[in-house]
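Quick notes on the structure that follows.
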Amino acid sequence: MIRLEDVFAENKLPETEVDRQYYFIQVAKDIVAEKETELGRKLTFCVNTFGCQMNARDSEKLVGILEQIGYVEAESEDADFVIYNTCTVRENANNKVYGRLGYLHNKKKKNPHMMIGLCGCMMQEKHVVETIRKKYLFVDLVFGTHNIYKFAELLVRALLSESMIVDIWEDTDQIVEDLPVERKFHFKSGVNIMFGCNNFCSYCIVPYVRGRERSRHPRDIIREIQRLVADGVVEIMLLGQNVNSYGKNLDEPITFARLLEEIEKIPGLQRIRFMTSHPKDLSDELIEVLAKSKKICNHFHLPLQSGSSRVLQKMNRRYTKEDYLLLVEKIRAKVPDMAITTDIIVGFPGETEEDFLETLDVVEKVRFDSAFTFIYSKRTGTPAAVMEEQVPDDVVKDRFDRLLARVQEISQEKAAMLTGEVVSVLVEEQNGQDNTLVTGRLGNNAVVHFPGDVSLIGQIISVRLTECKGFYYIGEQV
Ligand code: SAH
Ligand code: SF4
Ligand code: F3S
């Protein structure tokens, strides 16, 4: 029988954080092995991701640790350990989690061994944790974004105690390298280059739940990518809330453009993507690097948020409509086939019809290859939440529909222009509906389905786009 006080005895705990976590992985492994013997079967887990790519990368870290401990991944939430890695960027992301927790509770009533864990951005909000403590007593483990590297340690606590374990930190300056991670795809991977955000756009909760901006050391990033490539990865996505400000807070500052140049040199790596770029920090140096690079994909995600300079100022975005248009012009002058995609928020407090028309005007001028459109969602604690003139729902809905219709028309027209071309495609998976087809992704991030078998998965091949179906293509291998 493994006991909590023995496991946490001071003389047993290794000194460095990474050794400490490997120690807890071993302890958890022993506990899980005991449970397996008791039950006569393996224990299973399911990690469900609700948020962005960074959230997804965090989930891969959880999965890496769970697999080392001996848990086996389950196909569904019928598992012994279910974790929700939550998002709180918009209210509906929140509601989804509460809704699904009720459903998990029913499962737990049928499986007394079941454990439920909650982590991610939503858990960094005090009112959420209070609600969980009061109304969702069946949850076993709650932790946040800053202490995710302590997952093995927290899991040991949860496994050895009867009550709910809650551990949320306000912030951290730690970046713990070299913990296990298990990739969802064997041929592509996200790579964090920085954590947190310092921008405080007035509508956005991310800086409050992800903490201050911290860049990883370039040496650690390069080493991680080299290892990934040695392990079969051909495409990486560099992740950060504002990659254009990468490296500014390092002891030896380095720019994002320089980092890209270093990454480009890694032999065997074929494709480089990155997100997200904040327009205010997009440098000419970066555009030069994009123009020269053979590996960086021709896809630039450049969130606009609004086309009205007045609204942009209230959003604290620190660029104007004209600045944005100029950036697009500069990118296209150097890299004419660069696909440009964006995020747009409709219904920010005080947005007038004129402001909205400015947004439509940018959409017409830039002709985005695709755009994610969002209805403004009030996030408690952000400056915009207390701004006056919140826009009525029906007005927002009407603007949203008009914007979406136009954005979709343009993106279909743009997509159609590539019909007939031969493009290079990374084959990602077998088609879900028709198993004679595989699905691949173009450099510009569009998707193509074409006849092929699973042996192609993970390869970069040439495909002719024979037909454009609006948002995707049908093709043939050439
Ligand atoms: N760091 C990125 C964005 C991360 S959040 C950037 O600065 O571009 C992803 C997108 O969610 C944002 O681009 C924005 O369009 C949207 N978003 C963020 N907060 C929102 C809110 N309160 N309501 C609606 N959409 C929001
Ligand atoms: Fe949010 Fe702005 Fe930071 Fe993006 S840059 S995460 S929108 S605060
Ligand atoms: Fe990502 Fe959502 Fe957090 S967008 S950073 S998971 S609030």
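The values are calculated or read from the model by the stated rules, or taken from the named source; none is laboratory data. None of the values given here were measured: they were computed from a predicted structure. Quick reminder, even Gly has a Cβ in these numbers, built from the backbone with ideal geometry, and neighbours come from all protein chains shown. Ligands, DNA and RNA are excluded from the accessible area calculation, which covers all protein heavy atoms including side chains. Shrake-Rupley method; radii C 1.70, N 1.55, O 1.52, S 1.80 Å.
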Find how many whole Å separate the alpha carbon centroid of the range 190-216 from the alpha carbon centroid of the range 309-361. 21 Å
How much length, in nm to one decimal, is gained on full extension between Ala230 and Trp169, taken as 0.36 nm per residue of separation minus their Cα-Cα distance? 18.4 nm
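Starting from the eigenvalues of the Cα gyration tensor, five times each then square-rooted, give me the equivalent ellipsoid semi-axes of the range 157-297, largest first, whole Å.
Working: eigenvalues 160, 93, 33 Å².
So the equivalent ellipsoid measures 28, 22, 13 Å along its semi-axes.
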With the 1.4 Å probe rolled over protein heavy atoms, the range 327-436 has an accessible area per residue in Å² of 50 Å²
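What is the range 60-135 by shape, rounded, prolate or oblate, if you read a ≥ b ≥ c off the alpha carbon gyration tensor as root eigenvalues and call it rounded for a/c under 1.5, prolate for a/b larger than b/c, and oblate otherwise? Could you put the intermediate results ahead of the total?
Numbers: a/c = 2.02, a/b = 1.37, b/c = 1.47.
Oblate, since a/c reaches 1.5 and b/c is not below a/b.
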Computed E for Ser455/Glu389 - FRET, C-beta separation, R0 56 angstrom, nearest 0.05: 0.45
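Using the heavy atoms of the protein chains and a 1.4 angstrom probe, tell me the accessible area per residue for the range 1-77 in square angstrom. Mind dumping the intermediate values first?
Values: 4050 Å² over 77 residues.
It amounts to 53 Å² per residue over the range 1-77.
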Quick one: Karplus J couplings for the range 232-242, per residue in order, coefficients 6.51, -1.76, 1.60, θ = phi - 60°, nearest Hz, x for Gly and Pro? x, 7, 10, 10, 10, 10, 7, 10, x, 5, 8
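Let me check against my output: what whole-number percent is the relative contact order of the range 237-319, with C-alpha pairs under 8 Å and at least 6 apart?
Details: 90 pairs, mean separation 25.5, N = 83.
Normalised by residue count, the contact order of the range 237-319 is 31 percent.
Hey, what D do you get for the range 347-478 in µm²/s if you plug the Kirkwood alpha-carbon radius into Stokes-Einstein at 10 °C and 1.306 mPa s? Could the numbers behind the result be given before it?
Working: Rh = 17.2 Å.
Calculated translational D: 92 µm²/s.
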So how far apart, in nm, are the two label points at Ile266 and Val72 if each is 7 Å from Cα heading toward Cβ? 3.3 nm
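Could you give me D for the range 1-84, from Stokes-Einstein at 4 °C and 1.567 mPa s, where the hydrodynamic radius is the Kirkwood radius over C-alpha pairs? Units µm² s⁻¹, please. Mind showing how you got there, number by number?
Numbers: Rh = 14.2 Å.
My calculation gives 91 µm²/s for D.
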The base-10 log of I(q)/I(0) that the Debye equation returns for the range 332-386 at q = 0.19, 0.26, 0.31 Å⁻¹, one scatterer per C-alpha, is -0.77, -1.07, -1.25
Give me the log10 of I(q) over I(0) for the range 30-183 at q = 0.19 Å⁻¹, as the Debye formula computes it from C-alpha points; what are the numbers? -1.28
Under the Karplus curve 6.51 cos²θ - 1.76 cosθ + 1.60, θ = phi - 60°, whole-Hz ³J(HN,Hα) for the range 260-273, x wherever Gly or Pro sits: 4, 4, 5, 5, 3, 6, 5, x, x, 6, 10, 10, 10, 10
Thr466-Lys292 pseudo-label distance in nm [points 7 Å out on the Cα-to-Cβ vector]: 4.1 nm
Under a Cβ-Cβ cut-off of 13 Å, what is the net charge of the residues other than Ile254 that fall near it, where Lys and Arg count +1 and Asp and Glu count -1? -2
Along the Cα-to-C-beta direction of Leu4, a point sits 7 Å from the Cα; which residues of the range 108-127 have their amide N less than 18 Å from that point? 115-118
What's the angle, to the nearest 10 degrees (0 to 90), between helix 218-230's Cα axis and the longest principal axis of the chain? 80 degrees
Which order do Thr255, Thr373 take when ranked by solvent-accessible area (1.4 Å probe, heavy atoms of all protein chains), largest first? Thr255, Thr373
For the chain, which cysteines have no disulfide-compatible partner, meaning no other cysteine Cβ under 4.7 Å? Cys46, Cys52, Cys87, Cys119, Cys121, Cys197, Cys297, Cys468
Distance in nm between pseudo-label sites at Glu91 and Glu421 (7 Å out along the Cβ direction from Cα): 4.1 nm
Long-range HN-HN contacts of Phe81 with modeled amide H, under 5 Å: Thr44, Phe45, Cys46, Met115
So how do Arg3, Arg210, Arg219, Arg406 rank on accessible area, 1.4 Å probe, biggest first, that is with the largest at the start? Arg219, Arg3, Arg406, Arg210
Please list 437-450, 419-432 highest first by mean number of surrounding beta-carbon atoms within 10 Å per residue. 437-450, 419-432
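What's the local net charge at Glu36, with K and R +1, D and E -1, over the other residues with C-beta under 14 Å away? It would help to have the intermediate numbers written out before the result.
Working: positive: Lys29, Lys35, Arg41, Lys42; negative: Asp30, Glu34, Glu38, Asp80.
It works out to a net charge of 0.
Compare the peptides 111-118, 163-170 by average per-residue count of other Cβ atoms within 10 angstrom and give them in order, highest first. The partial results should precede the final answer.
Working: 111-118: 17.2, 163-170: 14.5.
The packing order, highest mean first, is 111-118, 163-170.
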Taking all protein chains as present, what is the carbon and sulfur share of the accessible area of the range 328-478, in % to the nearest whole number, probe 1.4 Å? 51 percent
What do you get when you divide the Cα radius of gyration of the range 419-478 by 2.2 N^0.38 Å, with N the number of residues? 0.95
Reachable lysines from Lys96, criterion Cα separation under 28 angstrom, eight or more residues apart if same chain: Lys61, Lys107, Lys108, Lys109, Lys110, Lys126, Lys134, Lys135, Lys150, Lys184, Lys378, Lys397
At a 1.4 Å probe, what is the % contribution of carbon and sulfur to the accessible area of the range 190-275? 53 percent
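Counting heavy atoms of the protein chains only and a 1.4 Å probe, report the per residue accessible area for the range 81-174 as a whole number of Å².
Working: 4100 Å² over 94 residues.
Per residue, the range 81-174 has 44 Å² of solvent-accessible surface.
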Output needed: percent of Cα pairs per 10 Å distance bin for the chain, bins running from 0 to the one holding the longest distance. 4, 18, 27, 27, 18, 6, 1
When every protein chain stays in place and a 1.4 Å probe is rolled, Leu154, Leu179 sorted by accessible area with the largest first are Leu179, Leu154
